[in-house]
């Protein structure tokens with residue numbers, strides 16, 4: 001929420017009026033000075049009332065401004081339809097095992113390649129976090145969570161590839177050449193979650 005404007009009206013009123021009253025009561029009878037002080041006090045009171053109204057008006061404007069800056073995920077669908085937003089997830093065929101060391105048998109890591117797609121089925125670069133689960137048959141052999149700031153550096157944009165590419169080490173070494181990966185992308189803009197799955201082939205690493 002925006003910073004609230006604070007005007008020290010109470011301190012101004014108390015200090016000024018107290019000083020004026022000391023001067024007035026110090027005189028035994030009405031005088032031109034007392035009359036002038038009373039006029040000044042009245043003017044100060046009117047100024048304080050005006051400042052109070054202005055302060056309340058500024059607070060109301062700040063509240064209205066904050067309400068208008070509602071999060072995107074709270075916008076009605078009619079407004080979301082006017083934007084290019086993530087509506088799905090595509091997992092690229094370059095999701096596979098990677099042999100980093102030809103002197104060692106099998107793949108040392110695997111990589112997942114995926115791209116968000118918009119409501120028109122087009123690839124779209126979008127910020128977000130990702131959760132990846134790797135399974136061998138019915139058994140889960142790995143799970144990773146990559147937050148938005150870390151995933152940002154995984155984006156690759158070339159003539160041939162427009163996608164996130166995430167390389168991951170084995171948490172538990174597989175024994176089968178066929179694995180299954182589940183990917184969940186959490187869109188930073190709307191907070192929506194999109195999932196996609198894909199089978200991948202690898203060369204099992206040495207155990």
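Observations
- Per the conditions (1) in a helix (DSSP H, G or I); (2) at pLDDT 75 or above, the sole criterion not satisfied by residue 89 is (1).
- Candidates 126, 196, 163 - the one that is closer than 21 Å to residue 85 by Cβ and in a loop (DSSP other than H, G, I, E, B): 126
- Test: residue in the stretch 92-111 that is over 27 Å from residue 207 (Cβ atoms) and in a strand (DSSP E or B): no
- Which numbered condition residue 56 misses (of (1) modelled with pLDDT of 80 or more; (2) under 28 Å from the mean Cα position of the chain (by Cα)): (2)
- Subset of the stretch 174-185 (residues that are buried (at least 19 other Cβ atoms within 10 Å of the Cβ) and within 18 Å of residue 92 (Cα to Cα)): 179, 181, 183, 185
- From the options 141, 132, 117, residue that is farther than 20 Å from residue 90 by Cβ, in contact (Cβ under 8 Å) with a residue 12 or more places away in the chain, assigned to a strand (DSSP E or B) and assigned by TED's automatic domain parsing to the domain that holds residue 183: 141
- Taken over the stretch 164-173, the criterion of being buried (at least 17 other Cβ atoms within 10 Å of the Cβ) and over 13 Å from residue 97 (Cβ atoms) is satisfied by 164, 166.
The values are calculated or read from the model by the stated rules, or taken from the named source; none is laboratory data. Not measured: the values here are computed from a predicted model. Cβ sites come from the backbone with ideal geometry, for glycine too, and all protein chains shown count toward neighbours.
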